[in-house]
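**Student:** Please read through the structure below; I'll follow up with questions.
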Amino acid sequence: MDAIRALLVAGVPESHQTTAGHLEILVPAEDAARLFAEEVAVRTYPSGLRIVEDLDTALSVLETELLRRARVALDDDTYPTPQNTKNVDLLLIASPAPDSDGRLQALLDNGSTLGVAGVLLGQWRAGRTLCVGQDGTVSADSSPDTDGLTGARLFTWPAPGARALLDVFGLSEPEAPATPPDEAGATEQVADVRTRSAAQPPTAHALTLVVLGSVQLAYHPTHGGADKNLAGLLAPKQREILAYLALHRDGARREALTAAIWPDAPSEHPYNSFHATLSQFRRTLRTATHDEIRNIVHHVEGRYTLDHDQVAVDLWQLEGELSDAGAAENDEVRLHALERGTSLYTGDFATDIIAEWCEAPREAVRRDVLDALAALTRTLSASDPRRALALLERARTLDRYNEAIYRDIARVQARLGLHSDIPRTLGLLTAELAQLDEEPSRETIGLCEALHARRSTAGGARGGAEG
C-alpha cells in the first residue's frame, strides 16, 4: 500500500498543470480511506485527485470519458495508433471486484491508446501483477519477461506523510472560478458528462444513448451548460427497455419486448409492468430535462421505437459505419468506414444488464466487430504492418482464447523484426488458456518458436557477411 501511495502522491502535482496534458487520478472512496488511513470526508482533496463513491461510479466515469475521447478523435481524424498513443492523463487506482472484472478489463483495454490506465490493488489475471512488500521490494512479478521487476525496490510513502503533502498541494492550487450550482442535483451519484464540444453529433441530438459498455444516457441541454449523464436516475428495467429498443432500430412489438424483459409476467396482465415502467421513465426524463424532453419512446403502427430525431445511439452509428464499409466502391472508403466503426466499439453490448435476451445480440455485435477488425488487418497487412499489428492486438482483447489471432500477431511481429516480442505473445496466450485449464496447440507453439528462431539465423547471416 505504501508503494501505491507514493505513486499517487507523485502524480498529484501533475494534476496542477493547466495544459491539456494534466493528470487526473480517480479513486473509489473505500480505497482512498485505505490509502490515507482516514475517513474520506475529513479532508478536501486537490482537484486532480477525484474521489468517487465506489468502483461502479468510477467505471461509469471512465466509460463516459472514453466515449467522449473516441468521438473527439474521430471528428478530428486523430484516432490514436500504437505510434501516436496518447500519454496517460486519466489514472484509476482501485481494488478490482469479481462482478466488475469484465467491465473493468474492457475499459482498460479500450482506453490503452486514449490516455487511460489503471493501477489495481490486488491480483489482476488480465494484466501484470506485482507482489510488493512493506518496504517497496518486489517479491514477485507475473510478467513473462525475463527482465521483470522481481527484486527491484519501489518508492514508498507512509500515510501521515501523504496526508500532509495532500494538504500542501491543496493550498498551492489556484482558486477555482465560480460555477453555477447543478440544478439537476440528482445526477451527483453518477459521472458528470463533460461538455461535448467537437464530439457533439452533427445532428445535435438532445440525448445520446450508449449501449456499448454499460448503458448510459447523456443529456445535452439545448440552451448550453454541461452535459449530464442520466443513467443513475434510471431504474434497471428502464435501462433494459432502452437497450432492447437500441437493438431494434425499426421498433419492437410489445409482445416481444415484454416476453424478453418480463418473462415471468402474469398471463392475465402481461403488459402492466411494461406500461408502468415506461410511464415512470417518461416522468424521470421530464424532470431531469426540466420538461425540455418529454418522451423518446413512441408507439407507431404497433411498434415501440426510440425517437431517431432526439436520440443518437452508438450501436446505430457502429452499424451504419460497417454497412457503409460493405457498400464501399473502393478500398480507401471501405478502410475509413471500418476504422470509424471499430473505434466506436467501447465495450460489449449492455455489460451491466444480466438477462438471457442480451446474450445472443451481445455475441453477434462482438463478432461483427471482430470481422471488421479482420477485414482491416487483411487490407493493411502488406502496406502498413504496424497498424495491422495494432488491430490484431485489439482483436486479441475481444477474443482472448482465439489461437489464430495470436499466430497472426506472431507473424506480423516477425515481419516487423520484433522477434523478442514473439515469446511474450505466446506467454499471453498460455496465461489466457490456463484459465480454461488448456494449453496452446503444438501448431501455435511450433510457429512461435520457428519465427523467434529466425532472429538468430538472420543475425548469424549478417555476421558472416560482415566478416
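**Student:** Just give me the residues in the stretch 322-337 being within 30 Å of THR64 (Cβ to Cβ) and free of Cβ contacts under 8 Å to residues at least 40 places away in the same chain, in sequence order.
**Tutor:** SER323, ASP324, HIS336, ALA337
**Student:** Moving to a separate point now. Please find, among LEU234, LEU209, the residue that is out of contact with any Pro (no Cβ under 7 Å at 6 or more places or on another chain) and modelled with pLDDT of 95 or more. Outline the logic, then answer.
**Tutor:** Working: LEU234 fails: modelled with pLDDT of 95 or more.
After applying the criteria, what remains is LEU209.
**Student:** Looking at (1) touching a helix residue (DSSP H, G or I) at 6+ places or on another chain (Cβ under 7 Å); (2) surrounded by fewer than 13 Cβ atoms within 10 Å (Cβ to Cβ), which is the one condition that is false for HIS299?
**Tutor:** (1)
**Student:** Which pairs have Cβ atoms under 7 Å, sit 6 or more apart or on different chains, and link a residue in the stretch 420-444 that is over 24 Å from GLY102 (Cβ atoms) to one that is part of a loop (DSSP other than H, G, I, E, B) and of a type in the set (Val, Ile, Thr)?
**Tutor:** none
**Student:** Taking the stretch 367-385 only, how many residues are closer than 18 Å to ARG340 by Cβ and assigned to a helix (DSSP H, G or I)? Can you show your working first?
**Tutor:** Here is the first cut: in the stretch 367-385, the ones closer than 18 Å to ARG340 by Cβ are 368-380, 384.
In the following step, the residues that additionally are assigned to a helix (DSSP H, G or I) were identified as 368-380.
The qualifying residues number 13.
**Student:** Does at least one position in the stretch 2-23 carry a residue that is modelled with pLDDT of 80 or more and not polar (S, T, N, Q)?
**Tutor:** Just the residues of the stretch 2-23 that are modelled with pLDDT of 80 or more, to begin with: none.
No: the stretch 2-23 contains no residue that is modelled with pLDDT of 80 or more and not polar (S, T, N, Q).
**Student:** Mind listing just one residue for me: the one in the stretch 200-246 that is without any contact (Cβ under 8 Å) to a residue 60 or more places away in the chain and polar (S, T, N, Q) and, of those, surrounded by the fewest Cβ atoms within 10 Å (Cβ to Cβ)?
**Tutor:** GLN200
**Student:** Testing ALA390 on (1) part of a helix (DSSP H, G or I); (2) within 23 Å of GLY320 (Cβ to Cβ), one condition comes back false. Which one is that?
**Tutor:** Unmet condition: (2).
The values are calculated or read from the model by the stated rules, or taken from the named source; none is laboratory data. On a predicted model such as this, the values are computed, not experimentally measured, just so you know. Because the Cβ atoms are built from the backbone with ideal geometry, glycine has one as well, and the counts that use them run over all protein chains shown.
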